[in-house]
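*Asks:* Below is one structure. I have some questions about it.
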Amino acid sequence: MSWLTEIARPEIRALRAYEHAVWEPGLVRLHANESPWRSHADPSLEGLNRYPEPHPHQLTAALAELYGVPADRVLAGRGSDEAIDLLIRCYCRAGQDAVVVCPPTFGMYSVAARIQGAIVREAPLLPQAGFQLDAAALQALAGDAPAAAGTLKLVFLCSPNNPTGNRLDSAVILALARALEGRALLVVDEAYVEFAQAPSLVAQLAERPGLVVLRTLSKAHGLAGARCGVAIAHPEVIALLRKVIQPYAITQLTIEAVFAALQPEARARAAQRIATLQRERTRVAAALQTLPGVQRVWPSDANFLLVQFADAGAALERARAAGLLLRDLRGSGTLGQALRISVGSPEQNDRLLAALKGAA
Ligand SMILES: Cc1ncc(COP(=O)(O)O)c(C=O)c1O
């Protein structure tokens with residue numbers, strides 16, 4: 001047992017995971033109180049009358065192949081949202097342990113931490129440096145802190161970051177991983193990395209045992225409705241998360257949808273769509289920049305753009321009148337009159353640009 005297990009909550013270290021019904025698909029299942037008949041409206045290949053595989057091995061192996069890592073480094077959950085929640089539940093004692101987040105960023109890190117009663121500390125990104133990490137502030141938070149600040153267990157980074165769209169400097173990330181070693185995990189959420197021209201940090205996992213990378217099928221693979229995301233980490237971390245995740249978390253329909261999405265033809269199609277979205281991102285950013293009501297379009301490595309308007313409310317209204325929803329970021333701290341706009345299909349983007357023309 002290494003420090004990766006030692007810093008987890010003692011209750012989780014001691015926990016005996018739930019013993020689910022034996023999984024032997026070749027035998028008739030009279031051991032799990034299921035229906036012997038499929039429902040009338042069952043669209044699945046295998047049958048929804050049966051529980052799915054409790055911890056789906058073939059799915060895990062396929063995801064490990066997709067991300068280029070051994071299967072014992074992978075845990076699939078209901079979106080990367082579930083991985084975030086599991087990490088916090090495994091590592092943070094209420095009122096005693098802390099996580100660090102770097103706002104403006106994806107809100108689930110601090111929400112999941114607060115639900116668990118963990119202390120949330122902040123090292124805001126630096127707008128004047130294109131929303132890069134404040135390396136000095138992070139190193140300070142990673143150092144010794146007063147007891148009231150909690151024992152640091154998890155640092156959450158998001159690269160490319162939601163909602164700012166930029167990639168974080170990987171040299172700073174890796175230096176932080178080194179500084180945290182032996183004390184806290186560094187979680188890098190790469191939900192949007194497929195849209196960036198940069199490698200995933202997954203390649204660094206063998207050298208950095210405290211690094212956890214989150215990936216998802218919700219964005220580049222077009223499966224947000226199926227709910228499948230992945231934590232990729234040292235096998236000891238994966239073993240802890242596996243104790244806590246619900247058995248049967250991944251539904252049979254999701255398992256089948258993911259297998260279909262990982263077939264070579266579907267992967268080739270996903271790659272084409274990523275290329276289309278990257279081209280559209282450049283086109284939409286350039287066109288937005290010429291609109292009188294737009295003050296700034298931030299560079300993006302993701303499938304969305306962070307846009308500063310003179311009057312974000314007016315832009316929201318114009319978009320809504322054209323049947324388009326944009327994400328209002330005016331309430332989120334330091335971003336001012338900002339909206340986050342997902343890059344859509346070329347037709348949707350044309351509609352957006354037409355709607356925003358003339359927005360004050
Ligand atoms: C940065 C980031 N991480 C994670 C998620 C959640 O993804 P999933 O659908 O895999 O739960 C999102 C969703 O928007 C996100 O923006």
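*Asks:* With springs only between Cα atoms under 10 Å, which of Glu265, Glu122, Glu53 fluctuates most in a Gaussian network model of the chain?
*Replies:* Residue with maximal mean-square fluctuation among Glu265, Glu122, Glu53: Glu265.
*Asks:* If you don't mind, another one. With the Cα gyration tensor of the stretch 265-356 giving a ≥ b ≥ c as the square roots of its eigenvalues, does the rule (a/c under 1.5 for rounded; else a/b larger than b/c for prolate; else oblate) give rounded, prolate or oblate?
*Replies:* Prolate is the answer for the stretch 265-356, as a/c is 1.5 or above and a/b outweighs b/c.
*Asks:* If amide H atoms are built 1.01 Å from N in the plane of the peptide, which residues on other chains or at least 5 residues away come under 5 Å of the amide H of Cys158?
*Replies:* Distant-sequence amide H within range of Cys158: Asp189.
*Asks:* Still on this structure, I have one more. Points 7 angstrom from Cα along the Cβ direction at Ala354 and Glu65: gap in nanometres?
*Replies:* Distance between the two pseudo-spin positions: 4.4 nm.
*Asks:* At a Cα cut-off below 23 Å, give the lysines reachable from Lys243, other chains included and same-chain residues fewer than 8 away excluded.
*Replies:* Lys153
*Asks:* Roughly what % of DSSP beta bridges within the chain run antiparallel, to the nearest 5?
*Replies:* Here the share of antiparallel DSSP bridges comes out near 55 percent.
*Asks:* Suppose only helical runs count, i.e. DSSP H with n ≥ 4. What mean residue ellipticity at 222 nm does that imply for the chain under -39500 (n - 2.57) per run, divided by all residues and rounded to the nearest 500 deg cm²/dmol?
*Replies:* That calculation yields -10500 deg cm²/dmol at 222 nm.
*Asks:* Here is a follow-up. Going 7 Å from the Cα of Gln139 toward and past its Cβ, which residues in the stretch 165-209 have a backbone nitrogen under 15 Å from where you end up?
*Replies:* 171-181
*Asks:* Something else now. For the chain, I need the span (max minus min coordinate) of the C-alpha atoms along each principal axis, in Å, sorted largest to smallest.
*Replies:* If we take the Cα atoms of the chain, the spans are 67, 58, 32 Å.
*Asks:* Specify whether the C-alpha gyration tensor of the stretch 3-69 places it in the rounded, prolate or oblate class, a ≥ b ≥ c being the square roots of the eigenvalues: rounded for a/c under 1.5, otherwise prolate if a/b is larger than b/c and oblate if not.
*Replies:* Oblate shape, in that a/c is at least 1.5 and b/c is the bigger or equal ratio.
*Asks:* Mean Kyte-Doolittle of at least -0.5 plus a Cα span of 18 Å or more along the axis: flag which DSSP H helices in the chain meet both, please.
*Replies:* Going by DSSP H runs, the hits are 79-91.
*Asks:* While we're here: Using mean Cβ contacts within 10 Å as the protection proxy, how do 289-301, 206-218, 30-42 order, highest first?
*Replies:* Result, highest mean first: 206-218, 289-301, 30-42.
*Asks:* Determine the distance separating the Cα centre of the stretch 164-201 from the Cα centre of the stretch 242-260; give it in Å without decimals.
*Replies:* 26 Å
*Asks:* Given Pro163, Gly143, Leu253, which one lies farthest toward the positive end of the charge dipole of the chain, if we put +1 on the Cβ of every Lys and Arg and -1 on the Cβ of every Asp and Glu?
*Replies:* The residue sitting most towards the positive pole is Pro163.
*Asks:* Give the calculated FRET efficiency between Val22 and Arg114 to the nearest 0.05, with a Förster radius of 45 Å applied to their Cβ-Cβ distance.
*Replies:* 0.70
*Asks:* Assuming a ≥ b ≥ c are the square roots of the Cα gyration tensor eigenvalues, decide whether the stretch 189-297 counts as rounded (a/c under 1.5), prolate (otherwise, with a/b larger than b/c) or oblate.
*Replies:* In terms of gyration-tensor shape, prolate.
*Asks:* Could I ask something else about it? Describe numerically, in nm with one decimal, the distance between label points set 7 Å from Cα along Cα→Cβ at Ala32 and at Arg296.
*Replies:* 5.3 nm
Only the coordinates and a few stated rules stand behind these numbers; no lab work does. All of these numbers come straight from a predicted model, not from anything done at the bench. Positions of Cβ are backbone-derived with ideal geometry, glycine not excepted, and every protein chain shown enters the neighbour counts.
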